[in-house]
Amino acid sequence: LRVSEGEVLAIAGLSGSGKSTLCYCIAGLAPRLVKGRIKGAVRIFSEDVSEIKTAEVATRLGIVFQEPDDQLFSPTIEDEVAFGPENLCLPREEIGRRIGEALESVGMAEYRMGNPENLSGGQKQLIALASVLSMRPRILIFDETMSQIDRTGKKRIKDMINKLRAEGKTILMVEHDFDNMDVADRILVMRGGKLHPYDGAL
């Protein structure tokens, strides 16, 4: 699998085909956090992900998961978005700047001091995305992020994907609904443990 810089690649496949596992491998979460064995190599900008510290991987690649509630755990949205930059031990002023920029980017600046629990599913996904953007990664993985949100929420996520592509970000979308892949430059299908060009079937 090769993904070009600035490309939006969609990966489709039936449940259990290994789409999410592929994401974990790309992000270096497997086998560090997700048990398993890896043969071969995963490289981010020509550097083997297994040789990059986990905290540093997060500055290059971020994942927005299917369930935003699994990703959001802070009492306020500000704290949520600040979590990553704080773990990088950035200066307070830089953390504040990143919070503002990330929330402004996803259109959620007015909710900064609110509680994530009071948001809709689509809004929670945008906050999860803002938390990832605050780390300023060049690659973003959307793992079934549109599977449980309404049409309005899906449009907002698609708009963000288009915006991020325009900014030169590389996007990997894992999806099962082809209606959500209309923003992709290319579609691959996970089948039998291998990736195939989309031919109209799963």
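The values are calculated or read from the model by the stated rules, or taken from the named source; none is laboratory data. Note that this is a predicted model, so its numbers are computed, not measured. Methodologically, a virtual Cβ is constructed for each residue, glycine included, from the backbone with ideal geometry; neighbour enumeration extends over all protein chains shown. In case anyone asks, the SASA skips ligands and DNA or RNA and just uses the protein heavy atoms, side chains included. Shrake-Rupley method; radii C 1.70, N 1.55, O 1.52, S 1.80 Å.
With (1) open to solvent by 60 Å² or more (accessible area, probe 1.4 Å); (2) in contact (Cβ under 8 Å) with a residue 12 or more places away in the chain; (3) assigned to a helix (DSSP H, G or I) as the list, and H176 as the residue in question, which single condition is left unmet?
Answer for H176: the failing condition is (3).
Can you find a residue in segment 60-73 that is closer than 29 Å to R2 by Cα, of a type in the set (D, E, K, R) and not in a helix (DSSP H, G or I)?
Yes, segment 60-73 contains at least one residue that is closer than 29 Å to R2 by Cα, of a type in the set (D, E, K, R) and not in a helix (DSSP H, G or I).
Just checking, which of G100, G107 is among the small types (G, A, S) and in a helix (DSSP H, G or I)?
G100
Hey, does segment 103-113 have a residue that's farther than 23 Å from D159 by Cα, in contact with a helix residue (DSSP H, G or I) (Cβ under 8 Å, 6 or more places away or on another chain), touching a residue at least 24 places away in the same chain (Cβ under 8 Å) and not polar (S, T, N, Q)?
Scanning segment 103-113, I find at least one residue that is farther than 23 Å from D159 by Cα, in contact with a helix residue (DSSP H, G or I) (Cβ under 8 Å, 6 or more places away or on another chain), touching a residue at least 24 places away in the same chain (Cβ under 8 Å) and not polar (S, T, N, Q), so the answer is yes.
Is it fair to say F45 is at positive phi, open to solvent by 70 Å² or more (accessible area, probe 1.4 Å) and within 18 Å of the chain's Cα centre (by Cα)?
When the stated conditions are applied, F45 passes them.
What about K154, is it at pLDDT below 95, open to solvent by less than 80 Å² (accessible area, probe 1.4 Å), out of contact with any strand residue (DSSP E or B) (no Cβ under 7 Å at 6 or more places or on another chain) and within 30 Å of L1 (Cβ to Cβ)?
yes
Taking segment 13-36 only, how many residues are part of a helix (DSSP H, G or I) and open to solvent by 70 Å² or more (accessible area, probe 1.4 Å)?
1
Can you spot a residue in segment 84-91 that is surrounded by fewer than 17 Cβ atoms within 10 Å (Cβ to Cβ) and modelled with pLDDT under 90?
no
Look through E80, E56, E5 and report the one residue that is over 19 Å from I171 (Cβ atoms) and open to solvent by 70 Å² or more (accessible area, probe 1.4 Å).
Result of the check over E80, E56, E5: E56.
Scan segment 21-67 residue by residue and report those that are touching a residue at least 60 places away in the same chain (Cβ under 8 Å) and small (G, A, S).
A27, A58, G62 - these are the residues of segment 21-67 that are touching a residue at least 60 places away in the same chain (Cβ under 8 Å) and small (G, A, S).
Only residues that are in contact with a Pro (Cβ under 9 Å, 6 or more places away or on another chain), among the aliphatic types (A, V, I, L, M) and open to solvent by 10 Å² or more (accessible area, probe 1.4 Å): list them for segment 100-144, please.
L119, M135
Quick check, is L9 in a loop (DSSP other than H, G, I, E, B) and hydrophobic (A, V, I, L, M, F, W, C)?
no
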